[in-house]
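The values are calculated or read from the model by the stated rules, or taken from the named source; none is laboratory data. Quick caveat, the model's predicted, so the values are computed rather than measured. Cβ coordinates were reconstructed from backbone atoms using ideal geometry, including for glycine residues, and neighbour counts include every protein chain displayed. Heavy atoms of the whole protein, side chains included, go into the accessibility calculation; ligands, DNA and RNA do not. Shrake-Rupley method; radii C 1.70, N 1.55, O 1.52, S 1.80 Å.
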Amino acid sequence: MAATRSLILSLSILLLLCFNAFCKETHDLDDEDLSFLEEDELEDAGSAHHGYEDHDFENYDDLDDFGDGEGEYPESESAPEEEIDESDVVVLKGSNFSDFLEKYRYVMVEFYAPWCGHCQALAPEYAAAATELKADEVVLAKVDAAEETELAQKDAIVTWVKKKIGPGLHNLTTAEEAELILSSESPVAVGFVENLVGPDSEELAAASKQEDEVSFYQTSNADLAKLFHIDPQGKRPALVLLKKEDEKVSHFGGQFIKSDITEFVSKNKLPLVIYFTRASSSQVFENPIKNQVILFTTLNDTDKFLPTFQEAAKDFMGKALFVYVPMDDEDAGKPVAEYFSIEGDTPRVIAFTGNDDARKFFLDGELTLNNIKNDGDVKIVVGNNFDEIVLDESKDVLLEIYASWCGHCQALEPTYNKLAKHLRGINSLVIAKMDGTTNEHPRAKSDGYPTLLFFPAGNKSFDPITVDTDRTVKAFYKFLKQHAAIPFKLQKPESTQKPESTQKPESESSSNKELKDEL
């Protein structure tokens, strides 16, 4: 009996010691000064561009609006105008338009404006095509829309209305149709549905009306779906967007409703990297995505640096535009390079935040994949490096599984980047993210986006801990502090450790409240 009482007393003392230790740890965490985590450090648009040197400059819109057709393209003094032989291009007016179309079987008509940069860029190609096709009895004609306003307006209205009231969604029923589309059209959106008539088809058809630049198709045939890189055994409805660029296929992962489909197509219809020309400038200037990463090289260096730039762009689909500017191209590249003060022939990369605040950041260092992606704070995880990064037993790892089209993921990104920046000096801790729509791993299951999982060091054989806390820098830090297998302490930045005599007066401090995070 005495031995039993002794054992109970020993266990009670042990539990009391453990409880006191736990209370002390919790008390230390509660007492830890985390106010500096709440400070907005007024950095660039996010840690994805950390390492770029900041330079202010004028609005990008001031590039004479040559992307929207309302201004004249900036001319280069050293670029003489080329004479174009347009003798085989027929000039049409309102007086002869209808009669001419009835007279010839095959006619292509360009409605142009003399001041339009796109039209000027097309002129030599259009003239050459007119000469080449003349032998095939195909006639190329043009109408000055600035002069023949009534004719141009009539044609434009008819074309637009027909697009809107016609069938924007087409059914695919044969392999021959599928092969023809794959070989001749880009970009195309293809839906794999249970039935060609029904709610899913209606949502897809409604989305097709919003995108004039993309052809929409649907099929219920599993064999045809497979031709478009859709898993025939997978869930329906499914949707893919196909392009002729290197990235080729984008898989849709949202709700099969008009708004989500439209957003997905809009963000993925462009190439990984936009080759900047007069004709493609509207893809940059009129894009709802404002953040841009721009590569400047000479034409001779294109093959050397563009592949690396394209690889880096894969992690930023739907978040930033990657633009390639050949800076010695007199027609388009040189004026843009001069505008951004790019001199010489040394390759450069800049990040641009958009015309709202009009800031640019020059990349320091070599043009390597890691430097361009600049994933030093938030590690980029893909299928083939998951084990190396996430399942490293010597590291505590916080992993976000996200989707580029997910609004909640986009809202979380600035907070997640700031957390990673504050913790960049903790060698035992890794903050990482993985695109769940293009990568998968049996240890990273997600029920939706974003999913946040924590993998404690030395414990990687067990299921990860689901992070269920407020999505603020401070809350994430407290979660990590509590669950990390390797203890760490976050040092308060010296810049925030001001002596009492240097503290700002109450009135000045209150005026800066807007600079605080909403934590």
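In region 452-470, the residues that are modelled with pLDDT under 90 reach residues that are in a loop (DSSP other than H, G, I, E, B) and of a type in the set (Gly, Ala, Ser) with C-beta atoms within less than 7 angstrom, at least six apart or across chains, in these pairs: Asn459/Ala485.
Residues that are under 20 Å from Gly318 (Cβ atoms), in contact with a Lys or Arg (Cβ under 8 Å, 6 or more places away or on another chain) and of a type in the set (Lys, Arg) occur at least once in region 228-247. Condition check for Leu299 on (1) aliphatic (A, V, I, L, M); (2) open to solvent by 70 Å² or more (accessible area, probe 1.4 Å); (3) closer than 25 Å to Cys409 by Cβ: one failure, at (3). Let me spell it out: the conditions are (1) over 30 Å from Leu306 (Cβ atoms); (2) aliphatic (A, V, I, L, M); (3) touching a residue at least 40 places away in the same chain (Cβ under 8 Å); (4) out of contact with any Lys or Arg (no Cβ under 8 Å at 6 or more places or on another chain), and Ala207 meets all of them except one. Which number is the exception? Of the numbered conditions (1) over 30 Å from Leu306 (Cβ atoms); (2) aliphatic (A, V, I, L, M); (3) touching a residue at least 40 places away in the same chain (Cβ under 8 Å); (4) out of contact with any Lys or Arg (no Cβ under 8 Å at 6 or more places or on another chain), the odd one out for Ala207 is (4). Surrounded by 18 or more Cβ atoms within 10 Å (Cβ to Cβ), out of contact with any Ser or Thr (no Cβ under 8 Å at 6 or more places or on another chain) and in contact (Cβ under 8 Å) with a residue 12 or more places away in the chain: does that describe His422? Taking the combined requirement at face value, the residue satisfies it.
Residue-wise test of (1) open to solvent by less than 70 Å² (accessible area, probe 1.4 Å); (2) assigned to a helix (DSSP H, G or I); (3) at pLDDT 50 or above.
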residue: Asp65; (1), (2), (3): yes, no, no
residue: Glu86; (1), (2), (3): yes, no, yes
residue: Phe100; (1), (2), (3): yes, yes, yes
residue: Ala121; (1), (2), (3): yes, yes, yes
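Out of the residues in region 425-456 meeting the condition of being within 27 Å of Leu241 (Cα to Cα) and polar (S, T, N, Q), tell me which one is surrounded by the fewest Cβ atoms within 10 Å (Cβ to Cβ). Step by step, filter region 425-456, then rank; the result is Asn439.
Just give me the residues in region 297-317 being farther than 21 Å from Ala279 by Cα and touching a Phe, Trp or Tyr at 6+ places or on another chain (Cβ under 6 Å), in sequence order. I'd like the intermediate steps shown before the answer.
Initial filter on region 297-317 (farther than 21 Å from Ala279 by Cα): 300-301, 303-305, 307-309, 311-317.
Ala313, the sole residue that qualifies.
When residues in region 218-239 are screened for being open to solvent by less than 30 Å² (accessible area, probe 1.4 Å) and of a type in the set (S, T, N, Q), 2 of them pass.
Restricting attention to region 180-194, does a residue exist that is modelled with pLDDT under 85 and among the acidic types (Asp, Glu)? Scanning region 180-194 turns up at least one residue that is modelled with pLDDT under 85 and among the acidic types (Asp, Glu). Scanning region 311-348 for residues being surrounded by fewer than 22 Cβ atoms within 10 Å (Cβ to Cβ) and among the β-branched types (Val, Ile, Thr) gives a total of 2.
Does region 441-448 contain at least one residue that is modelled with pLDDT under 90, acidic (Asp, Glu) and closer than 20 Å to Asn385 by Cβ? Checked against the condition, which is being modelled with pLDDT under 90, acidic (Asp, Glu) and closer than 20 Å to Asn385 by Cβ, region 441-448 yields no hits at all. In a residue-by-residue description of region 347-358, the property of being assigned to a helix (DSSP H, G or I) and in contact (Cβ under 8 Å) with a residue 60 or more places away in the chain applies to no position.
Within region 375-413, the set of residues being in contact with a Gly (Cβ under 6 Å, 6 or more places away or on another chain) and surrounded by fewer than 20 Cβ atoms within 10 Å (Cβ to Cβ) comprises Glu393 only.
Considering the conditions (1) at pLDDT 85 or above; (2) closer than 19 Å to Gln292 by Cα; (3) in contact with a helix residue (DSSP H, G or I) (Cβ under 8 Å, 6 or more places away or on another chain), Trp405 is excluded by exactly one of them, (1). Leu367 passes every criterion in (1) closer than 19 Å to Arg471 by Cα; (2) at pLDDT below 85; (3) among the aliphatic types (A, V, I, L, M) apart from (1).
Within region 457-471, track down each residue that is under 14 Å from Ser428 (Cβ atoms) and either part of a strand (DSSP E or B) or open to solvent by 20 Å² or more (accessible area, probe 1.4 Å) (or both). Listed by number, the residues that qualify are Gly458, Asn459.
Within region 187-201, how many residues turn out to be touching a residue at least 40 places away in the same chain (Cβ under 8 Å) and open to solvent by 10 Å² or more (accessible area, probe 1.4 Å)? The total comes to 3.
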